[in-house]
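The structure under discussion appears below in the form of structure tokens.
Bear in mind these aren't lab numbers, they're just calculated from the coordinates by the rules spelled out. Keep in mind that what you see is a predicted model, and the values were worked out from it rather than measured. Cβ placement follows ideal geometry from the backbone for every residue including glycine, while neighbour counts extend to all protein chains displayed.
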Protein chains: 4
Amino acid sequence: MNKPLIPALAQFVAATAGRNMTKAAYVAVSVGVLSMALLTVNSAYQTAHRWVDALLWACLAYFVFEWLVRLRHMARQRRLPVYLFSAAGVVDALGALAVPVALICGVEPRTAWLLGVLWGLKVVPGIPGLRQLRRVLVLESGPLFSVLVIFLMVVFLASVAEHVLERDVQPQTFGSVPAALWWAVVTLTTTGYGDVVPITPAGRMVAALVMISGLGVFGLWTGILATGFAAETRRDNFLRTWETVSKVPFFAALGPAAIADVTHMLRTMDLPARTTIIRKGAQGDCMYFIAAGEVEVDLPGKKVRLGEGAFFGEMALLGNNKRGASVSTTKVSRLLVLDLVDFRVLMARHPDLAATIDAEAQRRTLENK
Amino acid sequence: MNKPLIPALAQFVAATAGRNMTKAAYVAVSVGVLSMALLTVNSAYQTAHRWVDALLWACLAYFVFEWLVRLRHMARQRRLPVYLFSAAGVVDALGALAVPVALICGVEPRTAWLLGVLWGLKVVPGIPGLRQLRRVLVLESGPLFSVLVIFLMVVFLASVAEHVLERDVQPQTFGSVPAALWWAVVTLTTTGYGDVVPITPAGRMVAALVMISGLGVFGLWTGILATGFAAETRRDNFLRTWETVSKVPFFAALGPAAIADVTHMLRTMDLPARTTIIRKGAQGDCMYFIAAGEVEVDLPGKKVRLGEGAFFGEMALLGNNKRGASVSTTKVSRLLVLDLVDFRVLMARHPDLAATIDAEAQRRTLENK
Amino acid sequence: MNKPLIPALAQFVAATAGRNMTKAAYVAVSVGVLSMALLTVNSAYQTAHRWVDALLWACLAYFVFEWLVRLRHMARQRRLPVYLFSAAGVVDALGALAVPVALICGVEPRTAWLLGVLWGLKVVPGIPGLRQLRRVLVLESGPLFSVLVIFLMVVFLASVAEHVLERDVQPQTFGSVPAALWWAVVTLTTTGYGDVVPITPAGRMVAALVMISGLGVFGLWTGILATGFAAETRRDNFLRTWETVSKVPFFAALGPAAIADVTHMLRTMDLPARTTIIRKGAQGDCMYFIAAGEVEVDLPGKKVRLGEGAFFGEMALLGNNKRGASVSTTKVSRLLVLDLVDFRVLMARHPDLAATIDAEAQRRTLENK
Amino acid sequence: MNKPLIPALAQFVAATAGRNMTKAAYVAVSVGVLSMALLTVNSAYQTAHRWVDALLWACLAYFVFEWLVRLRHMARQRRLPVYLFSAAGVVDALGALAVPVALICGVEPRTAWLLGVLWGLKVVPGIPGLRQLRRVLVLESGPLFSVLVIFLMVVFLASVAEHVLERDVQPQTFGSVPAALWWAVVTLTTTGYGDVVPITPAGRMVAALVMISGLGVFGLWTGILATGFAAETRRDNFLRTWETVSKVPFFAALGPAAIADVTHMLRTMDLPARTTIIRKGAQGDCMYFIAAGEVEVDLPGKKVRLGEGAFFGEMALLGNNKRGASVSTTKVSRLLVLDLVDFRVLMARHPDLAATIDAEAQRRTLENK
């Protein structure tokens, strides 16, 4: 197995080792989890148990293969221990080993395969905004924890109160504090199944207070998360944009104070090849700087290509606000977007940039006449 | 049909072709959707089936007419392909064709008419804030998608867990993973129908975690949307106001930096004719600049008209804060509103504007004595 | 009745005419609404129907009296038509007339008295933050309306879909579109009574989408309101503080630009007499300026009184951060609060203010030694 | 008991007197509340009633002991009355006395022990973010109270309306206004148990309005809390950071205006000993200033210790953005964190700080070569 026979396989192995989720991995996760769900539906399983079993074994085989490839890859790079104890390594190991271990331990097969739900966890590290969400949760963990304690406090006090008030009337559902706790959680989260409901007037008053507290807890929770998220979004955008800005020659001439200022106004946008950025005749409300890649301007009679460091879309902001030509990427490109709002402010604060953009716009107008 | 006999009809056709929703269209949509709903109520339909049928056919006829008029209009303007594949074009085509096609295909009439619910979609493009909402959803799609993936992850893990914990006790409702998924979605969204409820202690603990996660998912979701919405509102207001500001001579004298500054303070307001803007004796907490249209000041003994570029309402901000005279529009007008807060800041930052406003206020005071 | 015999009654009449809610009015509203609720409880009413009837008639008499007093008062001030058509006037008229008119029209008494719930509306104009809430709802009405339309769209599409999918299985609950609408509203608001629940797999998928949309609608709604509320709070605080600031001599010397700047840092606080503002030994994180009223500083061995324009609490911010003396109001007072955060910034930006405060603090330290 | 025999006991008594929650207290609260819950579960209690009783009495003994120790401690410091009427004092007294008093008063033991839920309240003062939450609730109490009144208004109007509409069809559940109130609260909080559900068409329309109002009330509530929380977080961070900043010599040279400016950019972080702050090879997105404590930099071949006033982590921000060395604390330390975003702005605004940091970074680079 050390030297794969076919180059395609070699490439497949390299892709599997190098990136977290290949297309094959997405397919395997989807098929695996769906088959696992199907396995539990008696009627479906009896009709097609061969297919379901085959798919499950195929998915398992893929995940074992993926794990082994990565183990070998990491071992070669002398990063094996780091990988084994990283989140991704643990998820890979679980995906490859959980079901076989359960089967070997003698767990009933249809139960053992349920561990296939762990395959779904492989998708998690690939989610784009996850790092951002985690930072918000970490930074705001203090207040969030406070709200959780308040939540538990209300749940406990309410369930003891309801236990006292309702135990004689409904011994089945409020007969013990743990039973009443179930009611309290269902009520405080405003889920309200209705399987356990207080019926005495005093019990209902306590319940009403719990429901209103539920709204309060919820509001605090949301307020904290909204606050943290707003700060994090600002920060994240700045970090991603900063590096790009300082590489665009147009901005590099500005001093560091002005660059920090400009960075707050720009937004990074990554685009695949052959994507239309501007459509002729549309409303123009932003201009673009090319940080990496290339775009093609579709002028009447000719096509102009613009490379790194160039800008486009400024004419709709300066003169009439209709786009004069369509623009699309020719390769994977990273653009910096400057909104009309910030364009005005930028032009006002940095007259030299304004002059450069004006000169270029005039040159282009003349050229296209 | 090429040359309509009556001018009123010609006007009606022109209005139908040119605007998305005429008054007739609003009536047709309302009547059509209500009749469709009535059609499904057996008792009502048996009593009045002739009326209901007649109304439905009338609405359908209107929508077919509307579609044909627009097709002709677009064909003349050589924009037919653009229209056909635009959102509005697809909705128009669906409204005109869905029911007839279903009837022709032999679908039972009372089922076919249910497709009339698609007529309701015609209202969508006319909603004022929709563009803003869509931009928020697009810009925040990264984090929103992350939350959605977390949501699905929790739903899947929870339903497998509950399936394992509850399948022996409640084979009917937790007997398969798809059945348990239903419970998980109902619980995580805190809807809580109560048709499926875990009853084992372990199952209830998992359910409690799911409910609390539901609050968390909800909070993140709201936090993201709130953040995006705040940014979008600021941006949207700036864009709408910018253009108007630069047309008011009073502000045009300022340099572009100051205009950007002023724009952040103003709010655009569009008013129909004969609307009272200021009521005599009310508290005054803002002043107005006329960007377009005309207003009438109702002074004791005479009525003064102010046109484009003029301002009013400044006297309550300078002296006593009661309005000295009622002001109302004489035609459709666009005003720029300057709040008291920003008035103070503006006066302080731009002494020349302050002087102009003071001089005008004194002139008016003298004149009215 | 024109010239009341006893001065107390005259005073009572004056208070009733002049203010929206007197203490008597609060009592009457509470007693009236509670009696009305009691009236509907058969067992309670049969036991104490004389008392309940007596209380209701007494409350009604009070509200009629209140209305007549106000009518006379307004007629004397020639503001009768304004009052009659104002919100307060309509509520007063409803409170006085609704029950008698219903009784005269022959409505069954126990039903007629239910109109007493309208008395509760009298409390509304007295709620402090209501004006603020209304402004938020008005300013954000555009986006809120869009969300409402999206809500209705989802409700309609979902109920037609469920009607089609479930009508054969559950003709009772999904047999007509209006019946399905009930389900859709209960689900989209995440209320989830559980009286109507889809049971087919396809129906449940649609329901899951509706529930997730419910979270989205909710998030948008909250995001819009949070954004509007943040802006409104800032504005409201500025307006209330502005006027007070310019009356404090300490600040009046600053130019208008600096006053606008300072106003953003201060918060207005209204206190009744004999309220302790500062407790000796507590952590000091703000200082106070007296805009109106008087305070008493409880120094060892003597009591010092400070009047309008004076400031206190600055020593904890300058030196050690423990309060050196207790301070309490002697009459109704209006204070301006300057937080530690803003104190630092203010001192840095306005060195002359810093010098004044420093000098006063030193003078006080010397004096108290 | 006045002079404890063993030093360990003396230490234990001192810890109990001085701090709100010792580790022993956390154990006692957890064990006590769990035992109390177990007591109410008949089957569990019959199996292990000796253990449960023993644990409960042990916990009670601990809380009585704790209370007595604190009473003695406070009496010695002449702060007994302050303590007795403080929140902590009342909670301590309740924890020590509630159960014994109930037992003495002849309450049935298994009911009396339920008062043990009050022990849980002891945890509350130790929650970190609680003071912040309380400030938000106090500052925003005006608008929150308005929303509560609106909530009650809707609840009352809705329940009277439903009582009228549904009383003939469902006399059991809507027969009186108090009964209908239960429905209204359950619906307006979107809990929706489903035990009481309107069935007439008119009743369902009112219910739909109530549910939509519920979303509105909820949105307002959340919006208010989010706004208040954002302001409070900013303020709280400033206060905690301010004091620390002015003690770092690096910043002390700046004038007060610049310090206020810098404080807004920094975030305080308290760390226990032996915590890794920077991991070699990780992405660097912030630098650190040591306000108190000491850190150890793990350079190749040697370990360098940095004390109070030093800074580290700046090299990843200046040059390549990978961390060049791991850094960990050697004792409990307080650090000031400067994010990359704010680093750029700071460097631009204060060139002298930039020069100092640059010089130090170069010195370090040379030294490590």
> Lys/Arg Cβ at +1, Asp/Glu Cβ at -1, dipole of the protein assembly as shown taken about the Cα centre: which of C:I278, A:F12, D:V154 is farthest positive-ward?
Replying inline: C:I278
> Taking amide H positions as placed 1.01 Å from N in the peptide plane, with prolines and chain starts having none, which residues 5 or more places from C:S333, or on another chain, fall under 5 Å of its amide H?
Replying inline: C:L271
> What's the angle, to the nearest 10 degrees (0 to 90), between helix C:340-349's Cα axis and the longest principal axis of chain C?
Replying inline: 50
> Is segment B:105-191 rounded, prolate or oblate when judged by the Cα gyration tensor, a ≥ b ≥ c being the square roots of its eigenvalues, rounded requiring a/c under 1.5 and prolate requiring a/b larger than b/c?
Replying inline: oblate
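With the Cα gyration tensor of segment B:46-191 giving a ≥ b ≥ c as the square roots of its eigenvalues, does the rule (a/c under 1.5 for rounded; else a/b larger than b/c for prolate; else oblate) give rounded, prolate or oblate?
Details: a/c = 3.30, a/b = 1.64, b/c = 2.02.
Oblate.
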> Expressed as a fraction of 2.2 N^0.38 Å, the rule-of-thumb size for a compact globular protein of N residues, what is the C-alpha radius of gyration of segment D:131-173?
Replying inline: 1.85
>> Only counting other Cβ atoms within 10 Å, I'd like B:S30, C:S176 sorted with the fewest neighbours first.
In response: B:S30, C:S176
> Using alpha carbons only, how many degrees (0 to 90, rounded to 10) separate the axis of helix C:177-188 from the longest principal axis of chain C?
Replying inline: 30
> How long are the three semi-axes of the equivalent ellipsoid of segment B:150-227, in whole Å, if each is the root of 5 times an eigenvalue of the C-alpha gyration tensor, listed from largest down?
Replying inline: 24, 11, 10
> Which three semi-axes in whole Å describe the equivalent ellipsoid of segment B:19-72, each the square root of 5 times a Cα gyration tensor eigenvalue, listed largest first?
Replying inline: 25, 11, 7
> About its Cα centre, how strong a charge dipole does segment B:234-369 have in debye, to the nearest 20, once Lys and Arg get +1 and Asp and Glu get -1 at the Cβ?
Replying inline: 420
> How big is segment C:1-100 on each of its three principal axes, counting only the C-alpha atoms and giving the largest first in Å?
Replying inline: 49, 32, 20
> So for the pair B:I199, C:N321, with labels modelled 7 Å out along Cα→Cβ, what separation do we get in nm?
Replying inline: 5.8
> What list of ³J(HN,Hα) couplings, whole Hz, do you get for segment A:66-71 from phi and the Karplus terms 6.51, -1.76, 1.60, once you set θ to phi - 60° and write x for glycine and proline?
Replying inline: 4, 5, 5, 4, 5, 4
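Order A:356-367, D:306-317 from most to least packed using the mean count of other Cβ atoms within 10 Å. Please list the in-between numbers first.
Details: A:356-367: 13.4, D:306-317: 18.6.
The packing order, highest mean first, is D:306-317, A:356-367.
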> Given B:K247/C:K247; A:K280/B:K122; B:K23/B:K280, which pairs have Cα atoms separated by over 28 Å?
Replying inline: B:K247/C:K247; B:K23/B:K280
>> Rg over Rh of chain D, using C-alpha atoms and the Kirkwood radius, what does it come to?
In response: 1.11
> Which whole number gives the average, over all residues in B:150-159, of C-beta atoms from other chains lying within 10 Å of the residue C-beta?
Replying inline: 3
> Going out from 0 in 10 Å bins, what whole percent of all Cα-Cα distances in the protein assembly as shown drops into each bin?
Replying inline: 1, 6, 11, 17, 21, 19, 14, 8, 3, 1, 0, 0
> Spin-label point model (7 Å from Cα, Cβ direction): what's the D:L103 to C:L68 distance in nm?
Replying inline: 6.6
> Once segment C:160-313 is represented by equal point scatterers at the alpha-carbon sites, with solvent omitted, what log10 I(q)/I(0) does the Debye formula produce at q = 0.15 Å⁻¹?
Replying inline: -0.86
> Taking Cα centroids, how far is segment B:339-369 from segment B:306-338 in Å?
Replying inline: 12
> What is the distance in Å between the Cα centres of segment C:76-94 and segment B:147-215?
Replying inline: 57
> When A:Y193, C:Y26 are ordered from fewest to most other Cβ atoms inside 10 Å of their Cβ, what list results?
Replying inline: C:Y26, A:Y193
> Taking the simple approach of a point 7 Å from Cα along Cα-to-Cβ for both D:S30 and D:V332, what is their distance in nm?
Replying inline: 2.2
>> Averaged across C:181-188, how many Cβ atoms of other chains sit within 10 Å of each residue's Cβ atom?
In response: 5
>> If I fit a long axis through the Cα atoms of helix B:23-39 and take the longest principal axis of the Cα atoms of chain B, what angle between them do I get, 0 to 90°, rounded to 10?
In response: 20
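Counting partner chain Cβ atoms within 10 Å of every residue's Cβ in C:259-265, what's the average? Mind dumping the intermediate values first?
Numbers: counts 2, 9, 3, 0, 3, 2, 0.
That average works out to 3.
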>> Let me make sure I get this right: for segment B:271-350, a, b and c are the square roots of the gyration tensor eigenvalues over alpha carbons, sorted descending. Under 1.5 in a/c it's rounded, otherwise prolate if a/b > b/c, else oblate. Which is it?
In response: oblate
> Among A:H264, B:H163, which comes first, then next, by fewest other beta-carbon atoms within 10 Å?
Replying inline: A:H264, B:H163
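Can you figure out the FRET efficiency of C:A44 with C:R279, using R₀ = 56 Å and their beta-carbon distance, to the nearest 0.05? Let's see the in-between values first.
Numbers: r = 47 Å, r/R0 = 0.84.
The calculated FRET efficiency here is 0.75.
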